[in-house]
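To start, the structure under review is shown below, and the notes come after it.
The values are calculated or read from the model by the stated rules, or taken from the named source; none is laboratory data. Please read these numbers as outputs of a predicted model, since none were measured by experiment. Methodologically, a virtual Cβ is constructed for each residue, glycine included, from the backbone with ideal geometry; neighbour enumeration extends over all protein chains shown. When the accessible area is computed, the model is the full protein with side chains, heavy atoms only, and any ligands, DNA or RNA have been set aside. Shrake-Rupley method; radii C 1.70, N 1.55, O 1.52, S 1.80 Å.
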Amino acid sequence: MICAHHTICAKADLEKKWLLDPTNVKQRKITSKTPEPGDVLKYIAIVEDQRSQIPDTRCTLVLTTNEEPDQGLIRKVNNICSASRIEVDIWSRSRLAAFLDQSPEGQYIRQEKLGIRQHRLSQSLLRDLSHKSCSHYAQQMLPDALVPRKALQSLEHPLQPLLLVEGKSGYGKSALCYMRLKSHVEAGGYGVIVPENILELSHSLEDALTITLRKLHPELSKDAGSTARSLIPEGQSLLIAIEDVNRARSPVDLISKLLGWIRPGASPNQQSVVPRRSSMQVLCPVWPEVIARLDDEKRKLVQKYVVELNVYEQEEAILAVQRSCAKNGFDLPRDQAQTITEELGRDPLLIALYDPHEAPAPDQVIKSYIQNCLQRLARGAGRYSVDEYMDSLLALCLPMLSNHNLTPEWRHIKRWLATHEAHIASLRDLYKEGHVIRLAEGRDGDVLSFRHDRVRDNLIVQALASEFENGTNLGAALHEPYYAGYIGQALAAANAPDRILKDCAAHTPLTLFHAFQKVGAEVSDRQKRILAQIMDWASSEHPQHPSNDHLLWEAKRILSQTVSQSVIPIVKSLLKGKPMRRYTSEATFRNGALEGGIAYFHFAELGLGVYGQRELLEYVRRTHRTNLSKGLTSVLNTRAIAQSVRRAALVL
């Protein structure tokens with residue numbers, strides 16, 4: 001049993017406040033009121049009553065004062081309490097001050113009550129910063145993307161120090177990590193979101209955690225990261241969600257760095273700061289192509305950390321569409337919601353951006369979203385027209401490419417557009433409105449970012465396509481391999497002339513493969529012209545030159561995601577009689593070639609962590625069912641086939 005008494009009386013009155021015995025007080029008048037006993041004697045009376053019922057009760061008396069009691073008084077208090085088998089704990093002014101000034105929890109109380117900023121991290125402050133980190137990041141989330149998903153259960157894996165959430169752009173990786181972190185923090189846990197640029201600068205997880213915590217609370221000491229880890233109770237984890245490793249200068253290097261930190265047997269120059277049963281767990285969204293670019297050893301290693309995320313499950317997609325419609329003021333029947341989800345391919349980003357008042361056309365959803373945002377701004381508080389806002393966004397995209405900076409600081413943008421004050425002013429309107437672009441605090445200043453990478457990509461493609469249509473010579477930008485995806489989509493959108501296609505074939509042939517991925521299924525003049533340039537390049541000696549190994553690998557990877565009857569002849573031309581491997585077999589199988597499927601599953605058994613493997617099989621079964629069945633029957637009825645081929649055929 002614990003009892004506490006606090007007093008602010010003067011030092012001279014402390015003995016009376018604590019030890020006054022009314023029986024020893026002489027009353028001058030019969031009518032005088034008997035004084036109350038001192039705090040110690042009051043507690044002794046309570047203790048005696050308690051022990052009459054429970055004799056073995058252990059009792060502690062806490063006495064606090066804003067004065068410094070002398071040693072004589074302290075000894076008296078201790079002697080009296082000891083005689084009654086009571087432990088006494090005296091908190092004097094100096095002890096209270098030491099607690100408030102020196103202990104982490106004391107500094108937290110001091111900050112809350114006195115406004116003096118805290119320097120040492122405490123559990124209470126760490127919990128506050130966890131909520132603050134979630135709150136900051138919530139502003140970047142599309143509300144319609146926060147749909148409960150089955151995949152969320154896969155992130156509740158307490159013994160894994162690293163979980164790589166692998167999925168394509170817009171599939172909800174960051175939203176899933178955020179929902180996991182938010183639920184963890186709301187349940188009383190601890191966790192923060194670490195931007196990828198902080199990860200790039202850091203030498204350990206604790207280093208990254210220190211920088212992140214000090215951004216949230218600048219007065220914290222430089223050991224905040226290691227302190228945070230030591231504060232985590234036994235059996236719990238501190239969650240660290242990486243914001244977007246895919247935006248880093250080298251995502252592959254960052255994944256390798258994370259592996260070095262969390263592996264128990266890391267090399268000496270990459271110290272392992274996380275034990276096997278970690279008090280810290282990292283959640284990291286990552287694109288499949290980043291995993292694919294890891295070397296074979298690391299790619300095998302990361303598979304045990306990978307959580308694969310694809311499009312919505314049907315019920316998830318229906319719920320997301322119905323939520324979007326409800327936000328716009330009307331209820332959508334389930335059957336109509338299901339139709340829309342299938343039209344949009346159950347793509348989480350498209351569903352989140354979809355306007356229920358418009359037709360669900362996948363190629364137009366993002367463009368329509370941008371246009372609708374600009375219309376609302378122009379009709380509301382905006383100072384410019386829709387066209388002027390769009391011109392400013394497109395004017396921003398080209399210097400982003402030429403300066404190799406897709407997440408520019410605001411000061412850079414003002415320098416790039418220094419001669420176009422109207423563009424700068426309209427961009428200010430747009431980032432204040434926040435639905436297309438926004439400003440966020442960066443390391444060296446405010447950083448501009450887009451609502452989503454695919455919103456940014458759509459605008460870049462529009463800007464490039466406009467330049468192609470105007471006959472503008474893009475010069476070196478046209479030959480930048482890093483931007484091959486943007487240029488390829490723009491080539492397709494603008495129906496670029498042959499001279500530009502030939503220029504791309506000579507300098508950046510990957511742009512042609514990206515363009516073909518966009519139009520491969522068409523029967524059109526632009527498809528034929530792009531295909532002709534690809535076949536010319538594929539049949540030349542360039543793909544086989546050792547210096548083009550990586551280029552050839554990327555071309556095959558793009559073909560593996562392309563739907564067109566022409567993919568199979570392109571692959572044959574690239575292989576020049578060599579056997580198929582992962583991407584070439586996937587490319588041909590996706591387009592109905594049984595031998596491609598047998599080769600694909602010959603190299604990779606089902607379920608061994610190849611992203612999209614099950615979805616590929618479902619797609620081919622749905623699209624090429626008749627030819628696939630006939631071919632499989634023929635193969636399985638053939639006696640003279642290798643067992644590995646038979647096993648692959650049985651999987652199909």
Just the Kirkwood number for the stretch 123-199, please: inverse of mean 1/r across all distinct Cα pairs, in Å, one decimal. 13.4
Once the in-chain neighbours fewer than 8 apart are removed, the lysines whose Cα is under 18 Å from LYS304 read LYS173, LYS257
Taking a virtual spin label 7 Å from the Cα of THR638 along the C-beta vector, which residues in the stretch 535-572 bring their backbone nitrogen under 11 Å of it? none
In the chain, if the dipole is taken from +1 on Lys/Arg beta carbons and -1 on Asp/Glu beta carbons about the Cα centre, which of ILE570, GLY172, VAL282 is farthest to the positive end? VAL282
With point charges of +1 on the Cβ of Lys and Arg and -1 on the Cβ of Asp and Glu, referenced to the Cα centre of the stretch 369-511, which listed residue (ASN470, SER402, ILE370) lies farthest in the positive direction of the dipole? ILE370
If you restrict to DSSP beta bridges whose two residues both lie in the chain, what percentage is antiparallel, to the nearest 5? 15
Mean Cβ neighbour count within 10 Å, used as a protection proxy, ranking 221-234, 426-439, 67-80 highest first: 426-439, 221-234, 67-80
Hey, what D do you get for the stretch 67-177 in µm²/s if you plug the Kirkwood alpha-carbon radius into Stokes-Einstein at 4 °C and 1.567 mPa s? 67
Cα centroid distance between the stretch 632-652 and the stretch 512-571, in Å? 30
For the stretch 597-602, in residue order, the Karplus 3J(HN,Hα) values (coefficients 6.51, -1.76, 1.60; θ = phi - 60°; whole Hz; Gly and Pro = x) are x, 5, 5, 4, 7, 5
Ignoring any ligand, DNA or RNA, what whole percent of the accessible area of the chain comes from carbon and sulfur when the probe is 1.4 angstrom? 50
Please report the Cα spread of the stretch 27-130 along all three principal axes, rounded to whole Å, starting with the longest. 59, 38, 28
Note down the accessible area of CYS3, probe 1.4 Å, to the nearest 10 Å². 30
Residue-wise, which Karplus ³J(HN,Hα) couplings in Hz belong to the stretch 380-389, taking 6.51 cos²θ - 1.76 cosθ + 1.60, θ = phi - 60°, and x for glycine or proline? x, 7, x, 9, 10, 7, 4, 4, 5, 5
Of the listed pairs LYS528/LYS630; LYS132/LYS222; LYS327/LYS367; LYS168/LYS578, those with alpha carbons more than 24 Å apart are LYS528/LYS630; LYS168/LYS578
Rounded to the nearest 20 Debye, what is the dipole magnitude of the chain about its Cα centre when Lys and Arg each give +1 and Asp and Glu each give -1 at the C-beta? 1100
Projected onto the charge dipole of the chain (unit charges on the beta-carbon of Lys, Arg, Asp and Glu, signs +1, +1, -1, -1), the Cα from THR339, ASN548, GLN153 with the largest positive-side position is that of GLN153
³J(HN,Hα) across the stretch 572-578 via Karplus (A = 6.51, B = -1.76, C = 1.60, θ = phi - 60°), whole Hz, x for Gly/Pro? 4, 5, 6, 6, 6, x, 6
Could you tell me how far the Cα centroid of the stretch 124-168 sits from the Cα centroid of the stretch 1-76, in Å? 53
Mind checking Rg over Rh on the chain, alpha carbons, Kirkwood formula for Rh? 1.13
Amide H contacts under 5 Å for LEU162, restricted to residues at least 5 apart in sequence or on another chain and with H modeled in the peptide plane, are VAL282
Under a Cβ-only charge scheme (Lys and Arg +1, Asp and Glu -1), can you give me the dipole magnitude of the stretch 494-652 about the Cα centre, in debye to the nearest 20? 500
Packing rank of 282-290, 476-484, 120-128, 329-337, where each peptide gets the mean count of other beta carbons within 10 Å, highest leading: 282-290, 120-128, 476-484, 329-337
Non-local amide H neighbours of ARG149 (under 5 Å, H modeled in plane, Pro and chain starts lacking H): which ones? none
Accessible surface, per residue, of the chain when the full set of protein chains is kept, probe 1.4 Å, Å²: 50
